[in-house]
Amino acid sequence: ASTTSNGRPNLNIESYFLNLGKKSVNIQPHGSFKFVLMHAKDYTGAGVYLVHSCSYKNKKCTHGEAARIARGPLVSHGLEALTLGGGRITRHHLRKSQKAGLISIFGYSRSMGRCADCNKKACDFIAKAYPDYVVRWSNAGYLESDEYHIKDWVKCSA
């Protein structure tokens, strides 16, 4: 079997997620934060999309930093990782009076440019990972506060 530059064996996508306990959607438990949508593939060409966010505690985290943090473990296990774009996510907690929490995906990354379908794709993956939440997306907005002014939300399909 081939190995990476650090001597680890190259993993296929399935092994990376199953054997190492990795998740394809890694977002923060609450708050507003930047995210990136990535596509990772292994030596066989099999691939998977990933959604990775900055920590809500790190308000200065850039889309580039979120991509770098997500890319590190992938590359160290022999996987390729391409960052497609990014935006913002706001995750509102479940409330006892509501049946579901709310996750909003919107905006874009100034440093990476606008990715036409990144927010929609991220929304679909997050909706599958968080079935107890209402998940919606829009390409409008940029700032954290813009969430409350967006009118063209689209609900995701799980």
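Numbers at a glance
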read-out	value
Candidates Phe33, Phe17, filtered to the one that is under 30 Å from Ala140 (Cβ atoms), of a type in the set (Phe, Trp, Tyr) and open to solvent by less than 50 Å² (accessible area, probe 1.4 Å)	Phe33
Breaking point among (1) over 30 Å from Glu147 (Cβ atoms); (2) in contact with a strand residue (DSSP E or B) (Cβ under 9 Å, 6 or more places away or on another chain); (3) without any contact (Cβ under 8 Å) to a residue 24 or more places away in the chain, for Lys57	(1)
Meets criteria (of a type in the set (S, T, N, Q) and in contact with an Asp or Glu (Cβ under 6 Å, 6 or more places away or on another chain)) for Ser104	yes
Residue in segment 20-27 that is open to solvent by less than 40 Å² (accessible area, probe 1.4 Å), within 20 Å of Gly107 (Cβ to Cβ) and in contact with a Lys or Arg (Cβ under 6 Å, 6 or more places away or on another chain) present	no
Odd one out for Tyr133, checked against (1) within 23 Å of Val48 (Cα to Cα); (2) out of contact with any Gly (no Cβ under 9 Å at 6 or more places or on another chain)	(2)
Tally, over segment 100-158, of residues that are at pLDDT 90 or above, open to solvent by 60 Å² or more (accessible area, probe 1.4 Å) and among the acidic types (Asp, Glu)	2
Residue ranges of strands (runs of 3 or more DSSP E) in segment 41-158 with at least 3 members of a type in the set (Lys, Arg)	none
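The values are calculated or read from the model by the stated rules, or taken from the named source; none is laboratory data. Model, not experiment: these values are computed from the prediction. Neighbour counts run over all protein chains shown; Cβ positions are idealised from the backbone, glycine included. Please note that ligands, DNA and RNA were not included when accessible areas were found on the heavy atoms of the full protein model with its side chains. Shrake-Rupley method; radii C 1.70, N 1.55, O 1.52, S 1.80 Å.
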